[in-house]
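Data first, discussion second: the structure below is written as structure tokens.
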2 protein chains.
Amino acid sequence: MARPMGPVRLKKTNPLTLLIGAALCIFILYFLLGSSAPDFSAARKATAASHPLSPPTSPFRQSSSGGKLKPPPVTRYNLNNVTITNTPIENRENVLVLTPMARFYQGYWDNLLQLTYPHELITLGFILPKNKEGNAAYAELDKQITKTQKYGPEKDRFKSIIILRQDFDPPLVSQDEAERHKMQNQKPRRAAMAKARNSLLFTTLGPDTSWVLWLDADVIETPPSLIQDLAFHNKPLIAPNCFQKFYNSEKKKMDERPYDFNNWQDSPTALKLGESLGPDDILLEGYHDMPTYRTLMAYMAEDGGDVHYEIPLDGVGGTALLVKADVHRDGAMFPPFSFYHLIETEGFAKMARRLGWQATGLPNYKVFHYNE
Amino acid sequence: MARPMGPVRLKKTNPLTLLIGAALCIFILYFLLGSSAPDFSAARKATAASHPLSPPTSPFRQSSSGGKLKPPPVTRYNLNNVTITNTPIENRENVLVLTPMARFYQGYWDNLLQLTYPHELITLGFILPKNKEGNAAYAELDKQITKTQKYGPEKDRFKSIIILRQDFDPPLVSQDEAERHKMQNQKPRRAAMAKARNSLLFTTLGPDTSWVLWLDADVIETPPSLIQDLAFHNKPLIAPNCFQKFYNSEKKKMDERPYDFNNWQDSPTALKLGESLGPDDILLEGYHDMPTYRTLMAYMAEDGGDVHYEIPLDGVGGTALLVKADVHRDGAMFPPFSFYHLIETEGFAKMARRLGWQATGLPNYKVFHYNE
């Protein structure tokens with residue numbers, strides 16, 4: 001029952017391949033949202049107390065005078081109101097959108113802009129590789145950020161934006177696409193991706209973040225109410241179904257096909273296969289050589305099916321995934337090593353499970369991946 | 001070869017017992033360091049670019065006028081200079097000192113103040129339980145912080161301070177000390193402690209943090225050059241040897257005894273014991289019922305021995321531990337579940353190892369624990 005999904009995976013993994021390395025070199029872009037139109041004054045007041053990621057930094061600004069100042073005042077912030085609920089807008093819950101980015105897609109940014117969750121509650125975090133492709137993506141991202149944060153309408157502007165640059169070289173010598181997607185190359189690639197996600201997560205998650213939305217840089221179309229819709233289910237981890245639009249030359253019209261195969265329910269075969277592996281070996285989904293017979297959410301979408309239909313998941317992908325911040329704060333991260341023979345996002349689902357949190361999937365709630 | 005260390009552990013674990021729960025309720029105390037005496041102007045300039053934990057938050061301050069402002073400027077920070085070296089002061093490296101605190105000890109605070117690492121490079125992070133004892137500790141901590149940050153000499157003031165309050169109840173009903181230290185109660189206790197450490201770590205680590213010093217709230221005496229001394233070894237994880245001073249009634253004078261038994265080198269017996277355990281079971285150090293025959297750093301100190309003498313460690317304790325921030329950013333956290341039959345700080349050492357980082361111990365470099 002091996003599935004012919006090689007080519008699909010080939011396209012999927014391509015833009016992420018360059019995200020690698022452990023140590024960080026860091027650029028922080030920060031865009032001021034200082035205006036205070038009456039419509040937004042309440043929001044500004046709410047966020048005035050603290051940054052979503054930290055206490056305020058104003059004390060570190062250089063004094064305009066060179067002289068000794070009087071003892072500074074003590075400022076206290078009581079943030080004892082961090083809720084994580086299925087009505088996040090009403091409760092003014094902060095959302096952190098995290099995106100590892102090897103390539104910039106205009107569709108990704110345009111889709112972000114059309115999200116109807118209040119942008120003044122959204123912090124964006126990016127991590128880009130420190131190489132030629134990463135520099136190109138950075139330049140394009142930078143341009144769009146400036147356009148939105150500086151010149152865009154107030155409602156479009158996000159609360160804050162953080163960009164991390166990695167400084168490690170890619171672990172693979174060959175950049176040949178077929179070579180990179182060979183099964184034996186998947187483990188270092190996924191491990192590097194896991195480290196990139198961890199670096200981004202550990203340095204941007206704040207004490208008053210309620211939700212973390214993992215959104216891959218090549219996801220270019222989601223419902224505008226994505227965040228509210230997913231949060232409405234009030235689940236610790238919840239994944240929509242990631243599809244891809246393409247021109248079906250047989251049907252002579254646009255069509256859709258499943259894309260993210262890392263959202264799955266476990267199978268006895270996969271578990272047994274895991275037992276037969278060495279402690280450092282990992283199970284991979286979507287390879288002919290390793291049929292797992294897992295139940296893939298990608299194939300569970302039904303035409304006209306209820307978008308609220310929920311299924312439990314044992315493995316999750318990273319294309320789009322809403323996580324309660326408490327799950328991460330408890331310690332759930334993306335294992336860059338074999339964890340129950342799983343790695344990266346799939347290992348994350350298992351780690352969350354070990355912490356008592358169950359992943360959920362929405363087979364009929366679709367988001368769409370770029371078609372290269 | 002079971003060791004009679006029951007009473008010692010009893011004393012050690014006591015002040016940490018109340019640190020529990022997963023979700024956070026959060027207080028952030030933030031103390032302004034706005035003055036700019038000439039001596040510190042360079043430091044202020046260096047830190048003006050960004051908070052150790054995040055981009056600056058000034059944009060979120062309420063505008064003094066209610067009117068619409070002109071489009072805000074775009075501000076960029078290039079922080080591509082985060083080094084982690086054995087000369088951290090020369091390289092102006094930021095240190096994050098993290099302390100889970102169930103009780104406040106004046107000795108802890110006084111010891112912090114006497115650290116000679118430049119305080120303007122040190123951020124303090126605390127997590128306290130949200131119960132009566134935590135409230136008492138919070139009040140005392142608050143008082144000392146105000147004294148130091150507001151009225152203290154400029155050189156004493158820390159870069160910033162973050163305090164998190166947990167809102168979960170203790171997992172154990174009985175607060176009887178003997179009951180709490182029964183072996184079967186250790187796993188939930190250590191798991192709760194691990195979650196507290198993770199919450200603190202995930203929400204305070206920043207992109208420009210170079211080092212994380214884990215320092216328990218009951219460590220009341222260290223060499224003033226602790227941070228520099230440990231960083232000098234340039235190791236990913238490095239632990240000094242935690243002792244306790246006490247009055248030796250036999251010798252009729254003050255004496256020292258080993259205290260932290262979680263710094264150890266593995267033994268074939270312990271590894272074999274691990275294999276015999278169920279997947280969720282953990283190995284514990286220091287219990288008669290479970291002799292591990294591990295080599296404990298606690299017993300390796302030599303009178304007049306070289307303080308720079310290094311040994312490799314397989315398990316580490318949390319009383320005092322300096323970690324390169326990259327280790328955490330790669331994803332190393334404190335497993336609140338059985339990880340290779342290890343949990344919390346001991347599991348952290350194993351997880352770091354899985355990420356390629358080896359722990360080191362300094363048997364002759366001592367720090368001292370409070371004696372209740």
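For the range A:240-286, give me the residue count where each residue is over 23 Å from residue A:335 (Cβ atoms) and charged (D, E, K, R).
8
When the range A:94-121 is examined, which residues are found to be of a type in the set (D, E, K, R) and either closer than 22 Å to residue A:192 by Cβ or at pLDDT 95 or above (or both)? Reasoning before the result, please.
Here is the first cut: in the range A:94-121, the ones of a type in the set (D, E, K, R) are A:103, A:110, A:120.
Those that are of a type in the set (D, E, K, R) and either closer than 22 Å to residue A:192 by Cβ or at pLDDT 95 or above (or both): A:103, A:110.
For the range A:330-347, give me the residue count where each residue is surrounded by 24 or more Cβ atoms within 10 Å (Cβ to Cβ) and in contact (Cβ under 8 Å) with a residue 60 or more places away in the chain.
Residues flagged as surrounded by 24 or more Cβ atoms within 10 Å (Cβ to Cβ) and in contact (Cβ under 8 Å) with a residue 60 or more places away in the chain within the range A:330-347 amount to 10.
What number of residues within the range A:317-331 satisfy the criterion of being under 14 Å from the mean Cα position of the chain (by Cα) and either within 21 Å of residue A:260 (Cβ to Cβ) or in a strand (DSSP E or B) (or both)?
The initial filter retains those residues of the range A:317-331 that are under 14 Å from the mean Cα position of the chain (by Cα), namely A:317-325, A:328.
Still in the list and also either within 21 Å of residue A:260 (Cβ to Cβ) or in a strand (DSSP E or B) (or both): A:317-324, A:328.
Within the range A:317-331, residues that are under 14 Å from the mean Cα position of the chain (by Cα) and either within 21 Å of residue A:260 (Cβ to Cβ) or in a strand (DSSP E or B) (or both) number 9.
If residue A:199 meets every condition in (1) within 14 Å of chain B (Cβ to nearest Cβ); (2) at pLDDT 95 or above; (3) in a helix (DSSP H, G or I) apart from one, which number is that one?
Of (1) within 14 Å of chain B (Cβ to nearest Cβ); (2) at pLDDT 95 or above; (3) in a helix (DSSP H, G or I), only one is false for residue A:199: (2).
Each row is one residue, and each column tells you yes or no for (1) at pLDDT below 95; (2) of a type in the set (A, V, I, L, M, F, W, C); (3) buried (at least 22 other Cβ atoms within 10 Å of the Cβ).
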site: B:123; (1), (2), (3): yes, no, yes
site: B:127; (1), (2), (3): yes, yes, yes
site: B:140; (1), (2), (3): no, no, no
site: B:159; (1), (2), (3): yes, no, yes
site: B:166; (1), (2), (3): yes, no, yes
site: B:169; (1), (2), (3): yes, no, no
site: B:177; (1), (2), (3): yes, no, no
site: B:181; (1), (2), (3): yes, no, no
site: B:185; (1), (2), (3): yes, no, no
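Restricting the search to the range B:332-360, which residues are assigned to a strand (DSSP E or B) and under 23 Å from residue B:300 (Cα atoms)?
Keep residues of the range B:332-360 that are assigned to a strand (DSSP E or B), which gives B:339, B:342, B:359-360.
If the condition is that a residue be assigned to a strand (DSSP E or B) and under 23 Å from residue B:300 (Cα atoms), then B:342, B:359, B:360 are the ones that fit.
When you go through B:372, B:256, B:302 one by one, which is the residue that is surrounded by fewer than 19 Cβ atoms within 10 Å (Cβ to Cβ), assigned to a strand (DSSP E or B) and away from every other protein chain (no Cβ under 14 Å)?
Numbers: B:372 fails: assigned to a strand (DSSP E or B); B:302 fails: assigned to a strand (DSSP E or B).
Sole residue among the options that is surrounded by fewer than 19 Cβ atoms within 10 Å (Cβ to Cβ), assigned to a strand (DSSP E or B) and away from every other protein chain (no Cβ under 14 Å): B:256.
Quick check on the range A:115-137: of everything there that is in contact with a Ser or Thr (Cβ under 9 Å, 6 or more places away or on another chain) and among the polar types (S, T, N, Q), which residue is nearest to residue A:345 (Cα to Cα)?
Filtering first and then ranking leaves A:123.
Determine, yes or no, whether residue A:300 is touching a residue at least 12 places away in the same chain (Cβ under 8 Å) and in contact with a Pro (Cβ under 8 Å, 6 or more places away or on another chain). Show your work before the answer.
Values: touching a residue at least 12 places away in the same chain (Cβ under 8 Å): yes; in contact with a Pro (Cβ under 8 Å, 6 or more places away or on another chain): yes.
The answer is yes for residue A:300.
Please go through the range B:125-151 and give me each residue that is of a type in the set (A, V, I, L, M, F, W, C) and in a strand (DSSP E or B), ordered by number. Walk me through how you get there before you give the answer.
Filtering the range B:125-151 for residues of a type in the set (A, V, I, L, M, F, W, C) gives B:126-128, B:136-137, B:139, B:141, B:145.
Within the range B:125-151, B:126, B:127, B:128 qualify.
Check residue A:363 against each of (1) farther than 23 Å from residue B:351 by Cβ; (2) in a loop (DSSP other than H, G, I, E, B) and name the one condition it does not meet.
(2)
Is there a residue being more than 14 Å from chain B (Cβ to nearest Cβ) and of a type outside the set (Asp, Glu) anywhere in the range A:321-331? Talk me through it step by step, then tell me what you get.
Step one: list which residues in the range A:321-331 are more than 14 Å from chain B (Cβ to nearest Cβ), which gives A:321-322.
When the remaining residues are screened for being of a type outside the set (Asp, Glu), the result is A:321-322.
Looking for residues that are more than 14 Å from chain B (Cβ to nearest Cβ) and of a type outside the set (Asp, Glu), one finds at least one in the range A:321-331, hence yes.
Could you go through the range A:216-235 and let me know if any residue there is surrounded by 15 or more Cβ atoms within 10 Å (Cβ to Cβ), charged (D, E, K, R), modelled with pLDDT of 95 or more and assigned to a helix (DSSP H, G or I).
Yes, because at least one residue in the range A:216-235 is surrounded by 15 or more Cβ atoms within 10 Å (Cβ to Cβ), charged (D, E, K, R), modelled with pLDDT of 95 or more and assigned to a helix (DSSP H, G or I).
The values are calculated or read from the model by the stated rules, or taken from the named source; none is laboratory data. All of these numbers come straight from a predicted model, not from anything done at the bench. As a convention, Cβ positions derive from the backbone with ideal geometry for all residues, glycine included, and neighbour counts pool all protein chains shown.
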